[in-house]
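Undergrad: Attaching a single structure in structure tokens format; questions to follow.
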Amino acid sequence: MDPLRTPAAPAAYPAAYPAVYPAACGSVGAMVNIRSTRMRTVSEARDTFNALVGDAQVGILTHVVKGSDVAAHIIPPTSLLLDDQQLRTAMINTLVEVEASEATSEFREGVFYQAGDTIGRLLGWCWRSTDRHLFLSTMALYHAKLQHAVDAAISIPTLIEGLQPALSVTLSADEIADLLRVLTQEYDEYHPPY
């Protein structure tokens, strides 16, 4: 069974088998890196719509907010949208499997020295997607695949120590601090036993 395809509500799956839920993820909005400098209220977007479309034509993304929620995105026409749930799931599963297998050489005597940059980019992309469940599920999938690949239990602190250099390829120190705080508070329900 594919852990990223389980279409159940979060409370319905066992902690050892996290899932990415299409209903919770949405299509476009769940995979967009939200930047506060490009946020515009609905009123601002309406008043400057032509300029925002011009920005999009030259590759600049704008987030339209309503209240405290992102309501829409004005995106460049060349943006690659990953709105196919099955494709996204297959891509994440494949990348996680390859990266866990390749990371085995970095796990020696109970120490995880460094995950590859690619898994750092994937986890950073998931983190910035604004879908916390996608990030935590992907982290748990990687954790489970890495434990299986090295045939040993890997503690969360050991996993994080090996991931931090890889995460810094994509994420800022502040983003990594936020990510670690979320892992501390929420990862237990996703953490795969070994």
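Undergrad: Quick one: Cα centre-to-centre distance for segment 51-104 and segment 137-194, in angstrom?
TA: 22
Undergrad: For 132, 88, what's the fewest-to-most ordering of other Cβ within 10 Å of each Cβ? Mind dumping the intermediate values first?
TA: Working: 132 14, 88 19.
The most exposed by this proxy come first: 132, 88.
Undergrad: Please report the Cα spread of segment 33-74 along all three principal axes, rounded to whole Å, starting with the longest.
TA: So the three principal-axis extents are 27, 23, 14 Å.
Undergrad: Test of understanding: what is the full-extension gain from residue 158 to residue 72, defined as 0.36 nm times their sequence separation minus their Cα-Cα distance?
TA: 27.1 nm
Undergrad: Under the rule of at least 5 residues apart or a separate chain, name every residue whose amide H is placed under 5 Å from the amide H of residue 73.
TA: Counting only residues 5 or more places away or on other chains, the set is 64.
Undergrad: Using each residue's phi in segment 63-69, evaluate 6.51 cos²θ - 1.76 cosθ + 1.60 at θ = phi - 60° and report the 3J(HN,Hα) Karplus result to the nearest Hz, with x for Gly and Pro.
TA: 9, 9, 10, 10, x, 9, 10
Undergrad: Now for a separate question. Can you work out the Karplus-derived ³J(HN,Hα) for every residue in segment 179-186? Use 6.51 cos²θ - 1.76 cosθ + 1.60 with θ = phi - 60°, whole Hz, and x for glycine or proline.
TA: 4, 5, 5, 5, 4, 4, 7, 10
Undergrad: Further, regarding this structure: Across segment 88-95, in residue order, what do the Karplus-derived ³J(HN,Hα) couplings come to in whole Hz, using 6.51 cos²θ - 1.76 cosθ + 1.60 with θ = phi - 60° and x for Gly and Pro?
TA: The phi angles translate into 4, 4, 4, 5, 5, 4, 5, 5 Hz.
Undergrad: For 123, 171, 95, what's the fewest-to-most ordering of other Cβ within 10 Å of each Cβ?
TA: On the way: 123 24, 171 21, 95 17.
By the 10 Å Cβ count, ascending, the order reads 95, 171, 123.
Undergrad: Can you put 113, 142, 194 in order of Cβ neighbours within 10 angstrom, beginning with the fewest?
TA: Lowest count first: 113, 194, 142.
A short reminder: the numbers here are calculations on the coordinates, not readings from a lab. Note that the structure is predicted; figures quoted are calculated from it, not measured. We place every Cβ from the backbone using ideal geometry, glycine too, and count neighbours over all the protein chains shown.
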